Amino acid sequence: MTAGPSTTQLLHDAREGDRDALDRLFPRLYDELRQLAHAKLRRHRPSETLNTTALVHEVYIKLTTGENPSFTDRVHFFALAARAMRFVLIGYAREQAAQKRGGGQPHLTFNEALGTTPTHADAEAVNLLALDDALNQLARLSERLAEVVELRFFGGMQHEEIAEHTGRSLATVKRDWRRARAWLYHTMRERPADASPDDRSGTDDTSDAETANGG
């Protein structure tokens, strides 16, 4: 029996405009997208109407509607899925917050949001919209650090996958994750928005300007 095309081949064909390849991709990647969506909704549910299946379908529609998809391989696909999932979740959260006029917003702990080691401050809750706002602030200071958070938190990607996707070393990715997580943690506790995204516990002396420029 002849084996069908690989996922990589289907991704390539879809990028070249093959809509049949795009249709065949969905069942191939559905389970992984569903696991990712389930993990996000287990932590926070921005709307009672949004379930795992609905989130997966909305993300897939965002990825495949319009011009030919731009993803080049599986890792790139899930990197784009991370951004699409962020937009969908934030969209639902904003709608829910508007309906309730500021009340009953979705919440998650610092530990859940950023993977920090629990401390006395971790019991304090932060909502999904606050995380998004802080991530936008971080992006203005360093797109590189913000990208790592997006891929880790919304995309569920491991350090090795992020290194593969971005072309950076594994050591750089791990360092960037530490710095971004520390900056977000302090910012979400009302740290000044223009504070530098540095890792005060680390030994790296790379300047923020170099970090923002991919140095």
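Quick look at the numbers
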| item | result |
| --- | --- |
| Subset of segment 136-160 [of a type in the set (Gly, Ala, Ser), outside any helix (DSSP H, G or I) and within 25 Å of VAL59 (Cβ to Cβ)] | GLY155, GLY156 |
| Segment 161-198, subset part of a loop (DSSP other than H, G, I, E, B), touching a Phe, Trp or Tyr at 6+ places or on another chain (Cβ under 8 Å) and closer than 19 Å to GLU150 by Cβ, residue modelled with the highest pLDDT | MET188 |
| Residue check, LEU41 in a helix (DSSP H, G or I) and at pLDDT below 80 | yes |
| Residue match in segment 98-119 (condition: surrounded by 15 or more Cβ atoms within 10 Å (Cβ to Cβ) and either touching a Gly at 6+ places or on another chain (Cβ under 9 Å) or modelled with pLDDT of 80 or more (or both)) | no |
| Pair list, Cβ < 6 Å and 6+ apart or interchain, from segment 139-154 residues that are surrounded by fewer than 22 Cβ atoms within 10 Å (Cβ to Cβ) to residues that are modelled with pLDDT of 90 or more | ALA139/ALA146 |
| Any chance ARG94 is over 19 Å from GLY17 (Cα atoms), over 14 Å from the mean Cα position of the chain (by Cα), surrounded by fewer than 15 Cβ atoms within 10 Å (Cβ to Cβ) and modelled with pLDDT under 85 | no |
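The values are calculated or read from the model by the stated rules, or taken from the named source; none is laboratory data. Nothing here was measured: the structure is a model prediction, and the numbers come from that model. Heads up, the Cβs are rebuilt from the backbone with ideal geometry, glycines too, and the neighbour counts pull from every protein chain shown.
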